[in-house]
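**Q** Mind looking over this structure? Questions follow.
What follows draws every value from the coordinates through simple rules; no lab data is involved. As the structure is a computational prediction, the values presented were derived from the model and not from experiment. Note that we place each Cβ from the backbone using ideal geometry, even for glycine, and neighbour counts take in every protein chain shown.
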């Protein structure tokens, strides 16, 4: 499997470069806050029980991971530079999913289909992982994440809501600048494949309103 080499120039990346760079900086800031607040909280200041900190097997990563298109751009760009082999594996997974019968969330869970970026129990895109991953916490027995798709002890938490709002606003700005309303694929691996194919057509690129598979080279 060949590693992915990020294209030198493409409107999807070039026209939004400054905003994408800002999103990366904000995501890194968000991760630092999560580490301080949730990974190693000060017991004198906050009593917060996060069972994920003692989870040795990332069962929650064996689910269908849905992401927004701008999130996918950030992840693709970061992975191409820092984890090209993992990105190549994700693109291959996306191609396999694209060719097969669509799987819903329950089927992903039943089949124990892991996130394509989960390699040997480690998230290879941890600093840039999707919001649905970074904000997901278990307050009860982590084994429930193995047995239940949506355990009632899981919570969506963020240490700085204003920071999350700024990230969301930047994503909206990027879509506005690129004249994009949305993208049809939403599953992480399929979006990695989709972005990869869009970047391959830079010579004929024209900013569309809605991104769909018919814009991606290689579609039959």
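**Q** Report, in whole Å, the centroid distance computed from the Cα atoms of the stretch 67-98 and the stretch 115-148.
**A** 17
**Q** How long is the gain from residue 96 to residue 169 if the chain were fully straight, where each residue apart is worth 0.36 nm and the alpha carbon distance is subtracted?
**A** Between residue 96 and residue 169, full extension yields an extra 23.0 nm.
**Q** Taking Rh as the Kirkwood radius computed over C-alpha pairs, what is the Stokes-Einstein D of the stretch 11-215 at 4 °C in a medium of viscosity 1.567 mPa s, expressed in µm² per second?
**A** Reported coefficient: 72 µm²/s.
**Q** On to the next question. Could you tell me the extents of the stretch 58-174's C-alpha atoms along the three principal axes, largest first, rounded to whole Å?
**A** Largest first, the stretch 58-174 extends 38, 36, 25 Å along its Cα principal axes.
**Q** Going highest first, how would you order 98-110, 180-192, 22-34 by mean Cβ packing within 10 Å?
**A** Ranking the peptides 98-110, 180-192, 22-34 by packing returns 180-192, 22-34, 98-110.
**Q** With label points built 7 Å along Cα→Cβ from the Cα atoms of residue 157 and residue 106, find their separation and express it in nm.
**A** 3.0
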